[in-house]
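The values are calculated or read from the model by the stated rules, or taken from the named source; none is laboratory data. Everything numeric here is computed off the predicted structure, so don't read it as measured data. Every residue, glycine among them, receives a Cβ derived from its backbone with ideal geometry; neighbour counts consider all protein chains shown.
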Amino acid sequence: MAQAAWSEKMLQLLRRMNNFYSPGSCRATCFRFEIAGEQVGWIPPHMAAFLTKYPEVFSPPQGGAISLCHSLDSYGRRSEAVAAVLQQLRGEASLTCLRGWRDERYPVMPRFCDTPLMWMERAATSLFGVKRYGVHINGYTVSEGGELSMWLARRSATKQTYPGRLDNLAAGGLAAGMSIRHTLVKECEEEACIPAALAEGARPVSTVSYTYEDEEGVFPESQFVFDLQLPAEFKPRIGDGEVQEFYLLPIDKVKELLVADEFKPNCAMVVLDFLIRHSLIEPDSEPFYQEFVAGLHQTL
């Protein structure tokens, strides 16, 4: 593929993954989701209509915001009250994201550095536009001649989201109460059978942040990115079944796959970030270099 066509396809991906900021998005009609006076998300109009049925949990829309009732004044009370509402809403046919209920608790807070104000079921987070965080690990090798190759994972055909697509070596969401480093080691062990001692060598290198909307809601997400250089003789193995196969590929092949609609979209962004950081994409040869960098690091 010609360089210009490759660049344009990557730019289209970044625009799609940041479409919440685009003209015509639902942002103008969303309600701010607030807890104790702090904005923690964006509630799409279709979800706001459901929440008016639960006045003991959600205050009526006011000034463009929907708030949790002030009587819910603790982490536990807020979490339990919202969880009870969501359990009742699971039967609503239009809330398709709730069909993927995972029993995974995600923290809800204005910024990552803030103390969580409550937890929320992962499958419901897009209905409130709350920020979701994850950990992604780039696995790579360096040949004696200095050439890089990347380890990629093929997602299981039974995954709830993006089955069969390409993924990073290992990745996972950041659950309530779990540290970033703990999540990294856990995902490496579970998904790729990477021993903890080896996974601990992963270096924190970046974050990739973006916000997109689709029919299931609003997705403000930020991934903590790590690079893990693996010994040439090491081969990841299938662990918990979330991956069906691993590939060690040269960078040229990785770049080709990035624009072939093979990747889970946010994983393609993490790989693009890797290519930029390792000077495999440079500003003299990539006309959209600045657009790439900006699209990978949006403020949530």
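Assess whether Val208 counts as being touching a residue at least 60 places away in the same chain (Cβ under 8 Å), closer than 30 Å to Pro45 by Cβ, surrounded by 16 or more Cβ atoms within 10 Å (Cβ to Cβ) and touching an Asp or Glu at 6+ places or on another chain (Cβ under 9 Å).
Taking the combined requirement at face value, the residue satisfies it.
Results for (1) on the phi < 0 side of the Ramachandran plot; (2) in contact (Cβ under 8 Å) with a residue 24 or more places away in the chain; (3) in contact with a Gly (Cβ under 9 Å, 6 or more places away or on another chain); (4) not β-branched (Val, Ile, Thr), shown as yes or no for each residue.
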position	(1), (2), (3), (4)
Val57	yes, yes, no, no
Ser67	yes, yes, yes, yes
Val85	yes, yes, no, no
Gly91	yes, no, no, yes
Thr96	yes, yes, no, no
Glu104	yes, yes, yes, yes
Leu117	yes, yes, no, yes
Glu121	yes, yes, no, yes
Phe128	yes, yes, yes, yes
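Would you check which residues across region 218-245 are over 21 Å from the mean Cα position of the chain (by Cα) and of a type outside the set (Gly, Ala, Ser) and list them?
Correct list: Gln229, Leu230, Pro231, Glu233, Phe234, Lys235, Pro236, Arg237, Ile238, Glu245.
Can you find, within region 95-137, the residue that is surrounded by the most Cβ atoms within 10 Å (Cβ to Cβ) among those that are among the basic types (Lys, Arg) and in a loop (DSSP other than H, G, I, E, B)?
Lys131
Residue under question is Ala93, and the condition is that it be over 30 Å from Thr183 (Cβ atoms) and at pLDDT below 95; does it hold?
Here the answer is yes, as Ala93 does meet what is asked.
Yes/no matrix, rows are residues, columns are (1) at pLDDT below 95; (2) under 23 Å from Arg181 (Cα atoms); (3) crowded, with 17+ Cβ neighbours inside 10 Å; (4) of a type outside the set (A, V, I, L, M, F, W, C):
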residue: Val218; (1), (2), (3), (4): no, no, yes, no
residue: Phe224; (1), (2), (3), (4): no, yes, yes, no
residue: Arg237; (1), (2), (3), (4): no, yes, no, yes
residue: Asp261; (1), (2), (3), (4): yes, no, no, yes
residue: Asn266; (1), (2), (3), (4): no, yes, yes, yes
residue: Glu291; (1), (2), (3), (4): no, no, no, yes
residue: His297; (1), (2), (3), (4): no, yes, no, yes
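Report yes if some residue within region 138-156 is within 18 Å of Gly100 (Cα to Cα) and surrounded by fewer than 16 Cβ atoms within 10 Å (Cβ to Cβ); otherwise report no.
no
Looking at region 157-171, which of the residues that are among the small types (Gly, Ala, Ser) and buried (at least 17 other Cβ atoms within 10 Å of the Cβ) is farthest from Ile238 (Cα to Cα)?
Ala171
Mind listing whichever residues of region 180-205 are outside any loop (DSSP other than H, G, I, E, B) and buried (at least 20 other Cβ atoms within 10 Å of the Cβ)?
Thr183, Leu184, Val185, Glu187, Cys188, Glu191, Ala192, Ala199
Considering only residues of region 29-51 that are among the small types (Gly, Ala, Ser) and over 23 Å from the mean Cα position of the chain (by Cα), which is farthest from Glu221 (Cα to Cα)?
Ala49
This table checks each residue for (1) not aliphatic (A, V, I, L, M); (2) not in a helix (DSSP H, G or I).
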| residue | (1), (2) |
| --- | --- |
| Pro23 | yes, yes |
| Tyr54 | yes, yes |
| Ser67 | yes, yes |
| His70 | yes, yes |
| Ala81 | no, no |
| Val85 | no, no |
| Ala93 | no, yes |
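Against the definition (aromatic (Phe, Trp, Tyr), assigned to a helix (DSSP H, G or I) and touching a residue at least 24 places away in the same chain (Cβ under 8 Å)), how does Phe234 come out, yes or no?
In short, no.
For the condition out of contact with any strand residue (DSSP E or B) (no Cβ under 9 Å at 6 or more places or on another chain) and either under 20 Å from Pro265 (Cβ atoms) or among the basic types (Lys, Arg) (or both), what is the one hit in Arg99, Arg132?
Just a single option satisfies the conditions, and that option is Arg99.
I'd like to verify a number: residues in region 39-52 that are outside any loop (DSSP other than H, G, I, E, B) and either touching an Asp or Glu at 6+ places or on another chain (Cβ under 8 Å) or polar (S, T, N, Q) (or both), how many?
The qualifying residues number 3.
If you scan region 267-300, which residues turn out to be assigned to a helix (DSSP H, G or I) and of a type in the set (Val, Ile, Thr)?
Scanning region 267-300 gives Val270, Val271, Ile276, Val293.
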